[in-house]
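Written below as structure tokens is the structure these notes are about.
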Amino acid sequence: MLIGKKILLGVSASIAAYKAAMLCRLLVKEGAEVQVIMTADAQEFIGPLTLATLSKRPVYSNYTGENGTWHNHVELGLWADAMVIAPATANTLAKAAHAQSDNLLIATYLSARCPVFWAPAMDLDMYAHPGTQANLKTLSSFGNQIIEPNDGELASGLSGKGRLAEPEEIVAYLSNYFKKSSYQPLIGKKVMITAGPTQEHLDPVRYITNHSTGKMGYAIAECAAQLGAEVTIVSGPVQVKASSSIKVVKVASALEMLDAAQTAFAETDIAIYTAAVADYRSADIAQEKIKKKGDTISIELVKNPDIAAILGSQKKEGQIFVGFALETENELENAQGKLLRKNLDLIVLNSLKTEGAGFGHDTNLVHVINRNNQIFTTGLLPKTEIAHLIWEQILAIIPA
Ligand code: C5P
């Protein structure tokens, strides 16, 4: 899967840098072109001559080479099909997470438009430190992928999570990525996804909302884009960001979401309703801030339109609709009822009973139910993986 792939291999200063030699050799053996960039300190751990020989290219470490030649980080970043940093130290991860561009490796990382893979290696406490974990989260939020370290014996003599993934594992991860990304069954398809919460204003400073983060909807959108679809997210207010190829229509209230979804709907082949739309909104939005008066206050709420159901009633032949359900009792029956009521083809039932699943978590466990009442259940997995599994179920019902 790596034949002809152009790979930037970033090497930072960890004792595990010796494994970069094996990684470089394996990548070249798989048919990749490899350009190594080392930090200055990494050269204390492994000589550039070794990596230059294995990659058959000079190793870059500084901005300039011999005779004043410039190692152009922008060109390097644009050249690559993938950038993998292995081993990635706590220091290099931190610099990348904060765009602190004080060496060629980070400048190239910031210039790269290709997918980026980080393979951390460090002592167990450094890895577990909230600062390192926060940096990894930040890098993931940029769309970078983390190739998790293994558990085992560490250079310090301690044992725990922090061992660089084995070169074979890193190569397998990259091959798998390229295999998935070259599979594009959604080319020519338009996908609309509603995502996030809605905000229902009471007055100019207050609103009713919920805890939805939009992570599941955005993960489904990213996956659809990878599978070749033209993707629009109609999104309530969220922190999560979408890749540049995805169109995001920002809305706040349920009425605005309906309006935007209705506009995108005519062109849509597949609509996925992941948004946690507020069931009710204030009957009146006060023009001025509501004054504090008595001990209690009543606000009249009116029902919001059900976006999935409204568009479900206008569904055209060939369109595929997928909804979500979050139930606390009679989960299956309720989800099956919604599938029919909203004229959906699939409904994804969120499990509230599993620790680590649902709102705000990076992981989820779902049951996907079709119109024949067949149920596919995932494990507790990162939302990105759940998104792939949901797409597998959708692809299975797309007419040929
Ligand atoms: O009825 P309930 O809110 O449980 O249905 C959940 C499904 O319906 C989700 O797919 C959600 O995005 C969608 N929905 C909607 N508009 C609403 C309420 C729910 O599109 N007002």
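Just to be sure I understand: of the beta bridges DSSP finds with both ends in segment 190-395, what percent are antiparallel, rounded to 5?
Expressed as a percentage, antiparallel bridges in segment 190-395 total about 40.
Along the Cα-to-Cβ line of Glu44, 7 Å from the Cα, sits a label point; which residues in segment 95-121 have backbone N less than 20 Å from it?
Backbone N within reach: 95-96, 102-106, 120-121.
Taking square-rooted eigenvalues a ≥ b ≥ c of the alpha carbon gyration tensor, is segment 295-400 rounded, prolate or oblate, where a/c under 1.5 means rounded and, failing that, a/b exceeding b/c means prolate?
It comes out oblate by the Cα gyration axes.
Quick one: which residues, 5+ away or cross-chain, put their amide H under 5 Å from the amide H of Asn364? H built at 1.01 Å from N.
Close amide H contacts, sequence-distant or interchain: Leu381, Lys383.
Checking the table Lys215/Lys247; Lys189/Lys215; Lys56/Lys180; Lys6/Lys56 against a 25 Å threshold on Cα-Cα, which pairs fail?
Table pairs above 25 Å Cα-Cα are Lys56/Lys180.
Not counting ligands, DNA or RNA, and with a 1.4 Å probe, what is Phe45's accessible surface area in Å² rounded to the nearest 10?
90 Å²
Under unit Cβ charges (Lys, Arg +1; Asp, Glu -1), what dipole magnitude, rounded to 20 debye, does segment 1-137 have relative to its Cα centre?
Once rounded to the nearest 20, the dipole reads 400 debye.
Among bridges DSSP assigns within segment 6-182, what percent are antiparallel (round to 5)?
Counting DSSP beta bridges with both partners in segment 6-182, the antiparallel share is about 25 percent.
Determine the distance separating the Cα centre of segment 194-262 from the Cα centre of segment 363-397; give it in Å without decimals.
Using only Cα atoms, the two centres lie 21 Å from each other.
With θ taken as phi - 60° and the coefficients 6.51, -1.76 and 1.60, list the Karplus ³J(HN,Hα) couplings across segment 191-208 in order, rounded to whole Hz; mark glycine and proline as x.
10, 10, 10, 8, 8, x, x, 10, 10, 10, 6, 9, 7, x, 10, 10, 8, 9
Pull up the DSSP beta bridges for the chain and report the antiparallel fraction as a percent, rounded to 5.
Percent antiparallel among DSSP bridges in the chain is about 35.
Any idea what % of Cα-Cα pairs in segment 140-184 are farther than 12 Å?
I get 69 percent for the Cα pairs in segment 140-184 exceeding 12 Å.
Please identify every one of the trypsin sites (Lys or Arg not before Pro) in segment 12-66 that sits in a loop by DSSP and has no more than 11 other beta carbons within 10 Å of its own beta carbon.
Lys56
Positive end of the charge dipole of the chain (Lys, Arg +1 and Asp, Glu -1 on Cβ, about the Cα centre): tell me which of Ile307, Val240, Ala121 has its Cα farthest that way.
Ranked along the dipole, the leading option is Ile307.
Kindly report the accessible area of the chain per residue (heavy atoms of protein chains, probe 1.4 Å, no ligands, DNA or RNA), in Å².
Ligands and nucleic acids excluded, the result is 50 Å² per residue.
Lys250: which aspartates and glutamates have alpha carbons under 14 Å from its alpha carbon, excluding same-chain residues fewer than 8 sequence positions away?
Correct list for Lys250: Asp259.
Any idea what the dipole of the chain comes to, in debye rounded to 20, about its Cα centre with Lys/Arg Cβ at +1 and Asp/Glu Cβ at -1?
Roughly 620 debye for the chain.
Under a Cβ-Cβ cut-off of 14 Å, what is the net charge of the residues other than Met126 that fall near it, where Lys and Arg count +1 and Asp and Glu count -1?
Result for the neighbourhood of Met126: 0.
Against the longest alpha carbon principal axis of the chain, how many degrees, from 0 to 90 and to the nearest 10, is the axis of helix 18-29 turned?
80 degrees
How large is the dipole of segment 190-395 about the Cα centre if only Lys and Arg carry +1 and Asp and Glu carry -1, each at its Cβ, rounded to the nearest 20 debye?
340 debye
Full extension from Lys250 to Cys114: what is 0.36 nm times the residue separation minus their Cα-Cα distance, to one decimal in nm?
Between Lys250 and Cys114, full extension yields an extra 46.3 nm.
When the label point is put 7 Å from the Cα of Tyr18 along its Cα-to-beta-carbon vector, which residues of segment 32-61 have a backbone N closer than 12 Å?
45-47
Strictly greater than 32 Å: what percent of every Cα pair in the chain meets that?
45 percent
When the accessible area of the chain is computed with all protein chains present and a 1.4 Å probe, what percentage of it is carbon and sulfur?
C and S fraction of accessible area: 51 percent.
If the viscosity is 1.002 mPa s and the temperature 20 °C, what Stokes-Einstein diffusion coefficient in µm²/s follows for segment 6-182 when Rh is the Kirkwood radius over Cα pairs?
Stokes-Einstein gives a translational diffusion coefficient of 134 µm²/s.
Could you compute the FRET efficiency for Ser175 and Asn373, with r as their C-beta to C-beta distance and R0 at 45 Å, rounded to 0.05?
The value I calculate is 0.75.
Per residue of segment 246-256, what does 6.51 cos²θ - 1.76 cosθ + 1.60 with θ = phi - 60° give for ³J(HN,Hα)? Whole Hz please, x for Gly and Pro, Karplus curve as stated.
9, 8, 10, 9, 8, 9, 10, 8, 4, 5, 5
Give me the extension gain from Ile398 to Lys137: residue separation times 0.36 nm, minus the current Cα-Cα distance, reported in nm with one decimal.
Fully extending the segment from Ile398 to Lys137 adds 90.5 nm.
Below 8 Å, C-alpha to C-alpha, sequence gap of six or more: please give me the relative contact order for segment 309-400 in percent.
Computed over segment 309-400, the figure is 21 percent.
Using 0.36 nm per residue, how much length does the chain from Asn334 to Glu267 gain when fully extended, once their Cα-Cα distance is taken away?
So the chain would gain 21.1 nm between Asn334 and Glu267.
When only the heavy atoms of the protein chains count and the probe is 1.4 Å, how do Glu66, Glu200, Glu168 rank by accessible area, highest first?
Ranked list, largest accessible area first: Glu66, Glu168, Glu200.
Just going by the charge dipole of segment 6-182, with Lys and Arg at +1 and Asp and Glu at -1 on Cβ, which of Leu23, Val11, Ala82 is farthest out on the positive end?
Ala82
Counting helices only, and only those DSSP H runs with n ≥ 4, report the 222 nm mean residue ellipticity of the chain as the sum of -39,500 (n - 2.57) divided by its residues, in deg cm²/dmol to the nearest 500.
Helices in the chain give a 222 nm mean residue ellipticity of -9500 deg cm²/dmol.
Which three semi-axes in whole Å describe the equivalent ellipsoid of segment 257-296, each the square root of 5 times a Cα gyration tensor eigenvalue, listed largest first?
36, 12, 6
How far is helix 130-141 tilted, in degrees, relative to the longest principal axis of the Cα atoms in the chain, given as a value from 0 to 90 rounded to the nearest 10?
Rounded to the nearest ten degrees, it is 70.
The values are calculated or read from the model by the stated rules, or taken from the named source; none is laboratory data. Please read all numbers here as calculations on a predicted model, not as lab measurements. Methodologically, a virtual Cβ is constructed for each residue, glycine included, from the backbone with ideal geometry; neighbour enumeration extends over all protein chains shown. Only protein heavy atoms, including side chains, enter the accessible area calculation; ligands, DNA and RNA are left aside. Shrake-Rupley method; radii C 1.70, N 1.55, O 1.52, S 1.80 Å.
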